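Before any comments, here is the structure.
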Amino acid sequence: MSEPHLSFRVLTVNTHKGFTFFNRKFILHELREAVRSVAADVVFLQEVHGANEKLGAKVPNWPDTPQYEFMADSLWPQFAYGRNAVYPHGHHGNAVLSKFPILRYENRDVSISGPEKRALLHCVLDVPGWNSDVHVICVHLGLREPHRLKQLGLLCHLLNTEINDGEPVIVAGDFNDWRRRAHDILARDAGMREVFVQANGQSARTFPARYPVLQLDRIYVRNARVHSPVVLPRRPWSHLSDHAPLAAEISL
């Protein structure tokens, strides 16, 4: 018996820790409303604060809950967070917000060396009506290309050794991959397809958000189909993040 046809919307956005470009203004409340307006079922967040005592003490309207929980609000009853950078007054990292149950999650450290701390937040979802696990991985790769290449290798290892053949996978986030090396690596070594490359022949320009030039943010899939990938419009998004967010309809 064949499995039913299901579809849902995903969104990926680098939150810049709730501040505008150059940290001039705290806009997390506006950002939450914009994210809600997209009506995504699964949201991939990068650069989100789990805690920050210094900012909490001096920034007006700083939420009482972690930023990812504040963003989830009542729309996404399930969320997972992975600490990447930890410092004396707090920490930040990646998060996934989900309208579907999160069965389990793991934050895989892929830091290479030096001060940059990076991780892969791997969540296993129970999508109602679907007969197997659905995997989503939120990524934020390093700024140095040698580090990114090693991190892509670790991502491929995770995809090939810890996810069963045939199970749907969505990998999304900020790849910092300005030379677009990830496309060939993930296709060749893990069977992943980038959704904008499939639809338009090239990945989307997302950075800087006001006048996007670099193709840094991505959505890759395996064992899933994609419809209507879009770069969200400059208004209001260029005011809310230094990266243009991406959204797509995923079919299983």
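Structure above, values below:
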quantity	calculated
Under 5 Å, built H, 5+ apart or other chain: amide partners of Asn84	His92, Gly93, Asn94
Normalised contact order of the chain, rounded percent, pairs of Cα under 8 Å and 6 or more residues apart	20
Distance histogram for the range 91-151 (every C-alpha pair counted, 5 angstrom bins, percent rounded to whole numbers)	4, 18, 24, 18, 13, 10, 8, 4, 1
Cβ-Cβ FRET estimate between Arg225 and Ser113, R0 fixed at 41 Å, reported to 0.05	0.60
25 °C / 0.890 mPa s Stokes-Einstein diffusion coefficient of the chain, Kirkwood radius on C-alpha pairs, µm²/s	135
Alpha-carbon Debye profile of the range 1-63, log10 I(q)/I(0) at 0.15 Å⁻¹	-0.55
His89 - accessible surface, heavy atoms, 1.4 Å probe, Å² rounded to 10	50
Shape call, the range 79-191: gyration tensor on alpha carbons, a/c limit 1.5	oblate
List Phe207, Phe8, Phe79, ordered by accessible area with a 1.4 Å probe, largest first	Phe79, Phe207, Phe8
Carbon + sulfur, % of accessible area of the chain - ligands and nucleic acids excluded, 1.4 Å	49
Accessible surface ranking that places the most exposed of Tyr87, Tyr81, Tyr211, Tyr105 first, with a 1.4 angstrom probe	Tyr211, Tyr105, Tyr87, Tyr81
Cross-link reach list, lysines versus Lys117, counting only Cα pairs under 21 Å and skipping chain neighbours closer than eight places	Lys17, Lys54, Lys150
Probe 1.4 Å, protein heavy atoms only - accessible area per residue of the chain in square angstrom	46
Pairwise label distance in nanometres, Leu214 with Phe21, each label 7 Å out on the Cα-Cβ vector	1.3
Residues Lys58 and Ala199, FRET efficiency given R0 of 35 Å [Cβ-Cβ distance, rounded to 0.05]	0.20
Two-site FRET efficiency, Ser251 against His89, from Cβ-Cβ distance with R₀ of 51 Å, rounded to 0.05	0.70
Electrostatic dipole magnitude of the range 70-161 [Cβ: Lys, Arg +1; Asp, Glu -1; Cα centre; debye, to 20]	260
Loop-located trypsin sites (Lys or Arg not before Pro) in the range 1-102 whose Cβ has at most 16 other Cβ within 10 Å (DSSP)	Arg24, Lys25
Equivalent-ellipsoid semi-axes of the range 131-174, from the Cα gyration tensor, Å, largest first	23, 12, 5
Loop sites in the range 160-252: GluC sites (Glu not before Pro), DSSP, at most 10 other Cβ within 10 Å	none
The chain - charge dipole about Cα centre, Lys and Arg +1 at Cβ, Asp and Glu -1, debye rounded to 20	920
Distance between modelled label sites at Asp184 and Leu75, nm, 7 Å Cα→Cβ extension	3.9
Estimated [θ] at 222 nm from DSSP helical runs (n ≥ 4, -39500 (n - 2.57)) normalised by residues in the chain, nearest 500	-7000 deg cm²/dmol
Loop-located trypsin sites (Lys or Arg not before Pro) in the range 179-252 whose Cβ has at most 13 other Cβ within 10 Å (DSSP)	Arg179, Arg210
Degrees separating the helix 145-161 axis from the principal Cα axis of the chain, which is the longest one	50
Built amide H within the under 5 Å cut-off of Phe19, gap 5+	Ile27
Helix 28-38 axis, angle to the chain major axis (alpha carbon atoms, nearest 10°)	30
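The values are calculated or read from the model by the stated rules, or taken from the named source; none is laboratory data. Nothing here was measured: the structure is a model prediction, and the numbers come from that model. In this analysis, Cβ positions are derived from the backbone assuming ideal geometry, glycine residues included, and neighbour counts consider all displayed protein chains. Accessible surface areas use protein heavy atoms only, side chains included; no ligands, DNA or RNA. Shrake-Rupley method; radii C 1.70, N 1.55, O 1.52, S 1.80 Å.
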